[in-house]
Structures are given as C-alpha cells and as structure tokens.
Amino acid sequence: MNASQTTTAPVSRQIGAVTLTLASDTEIVMSRTFDAPRELVFRAHSSCEHMRQWFGRRQDTMPSCSMDFRPGGTWRFVNRDGEGNEIVFFGEYRFIREPERIDWTFGFEGMPGEPGPETLTLEDLGDGRTKLTTHSYFSSIEERDAVIASGMEHGAAETWDRLSEHLATMA
C-alpha cells in the first residue's frame, strides 16, 4: 500500500494468511483464522511465557518482556534482531474480557505520536478455529502511513505465522 493513500472506501490486501484493510484514513484492520480454540489463542496473549515464543519476526528474540495483564496494567516488549538492533513495543491494557477481547494501547519507539488504541477480538468459529481481528487506530493519516511504511504488515504476518506454530505446541 502506498504511503499517504487516502481511503474513501476500505482498501484490502492479503499478506500470507493475514488480511490487512485500510478501513479509513486513521484505522488499520488485520484478521487471520487460527486452527485453535479461542481460549488457547487468548492464553497465548496473556503472559510473557507465551509472548516470547511468537511475538516478532523469526529473526528476532525478546530479551525483555513485562506484562501486567489487567485493565490499567502496562506492557513492554523489547525485540532484538540478528544485528543487535532493538525494537521496543509498549502500551497499557484498557479492557480485558476473557476469552473474547483485549483493548490496549500499542506503540513502538521511533514512531510518531502516542501509543494508539487497538482492539483485539477473538471470534469462536465453532469448529476449533478462531478468527483474530485487530483494529488499530491512529490520530492522523500520517501516523497510519508511517506505521505501514515501517513494514509492519509483513512483520505482523510473520508474527501471526509464529503464533499459529506456537498454538500447535500449546494444544
């Protein structure tokens, strides 16, 4: 997707198993279906024990993880790539409804603006599969486009591939 692409109607594309939609000038929606019950997908999001196994690109490690998984609690992940560069992700949990929904703020160092609100929903598809959807909100099209320009769509697709693999080990 091109930076500074104004969207009057949603624009979608497929990146591996992930559907990414520029739902508006200030919203990115991503979704993917996992072959795991939603309770398991929820649990994979609720502790550093699990997040360390799948959050980030394959080349990354997570040398630092802190999570206070409750409304008002903060979280911070430090990922390190193969060359030693660190990417710091951080935010605050706002609302948690197990096993259906997590509302948090999501930011990473070096990006403009404050951490933006993000809603993660888990839909039970009734056959041992779960559809995970995230809605990420930004204060401007420039912030949204800076996130897209960072390569986040490919990083997110790779991260969710790793989540799928981790869920298979949790079953």
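Computed from the coordinates by the stated procedures, all read-outs in this text should not be read as laboratory data. Remember, predicted model here, so these are calculated numbers, not experimental data. Neighbour counts are summed over all protein chains in view; Cβ atoms, including those assigned to glycine, are modelled from backbone coordinates with ideal geometry.
When Ser66, Ser46 are sorted by how many other C-beta atoms sit within 10 angstrom of their C-beta, beginning with the fewest, the order is Ser66, Ser46. Annotation: the range 95-148 has a Kirkwood hydrodynamic radius of 12.5 angstrom, from the mean reciprocal C-alpha pair distance. If you plug the beta carbon distance of Ala17 and Glu83 into 1/(1 + (r/R0)^6) with R0 = 22 Å, you get a FRET efficiency near 0.20.
Taking the alpha carbon gyration tensor of the range 39-116, multiplying each eigenvalue by 5 and rooting it gives semi-axes of 22, 16, 9 Å, largest first. Using only alpha carbons, the chain has a radius of gyration to Kirkwood radius ratio (Rg to Rh) of 0.94. Only Cα pairs under 8 Å and 6+ residues apart enter the sum, and on that basis the relative contact order of the chain stands at 27 percent. Fewest neighbouring Cβ atoms within 10 Å first, the residues Asp25, Asp81 line up as Asp81, Asp25.
Mean residue ellipticity, 222 nm, helices only, the chain: the sum of -39500 (n - 2.57) across DSSP H runs of n ≥ 4, divided by residue count and rounded to 500, is -7500 deg cm²/dmol.
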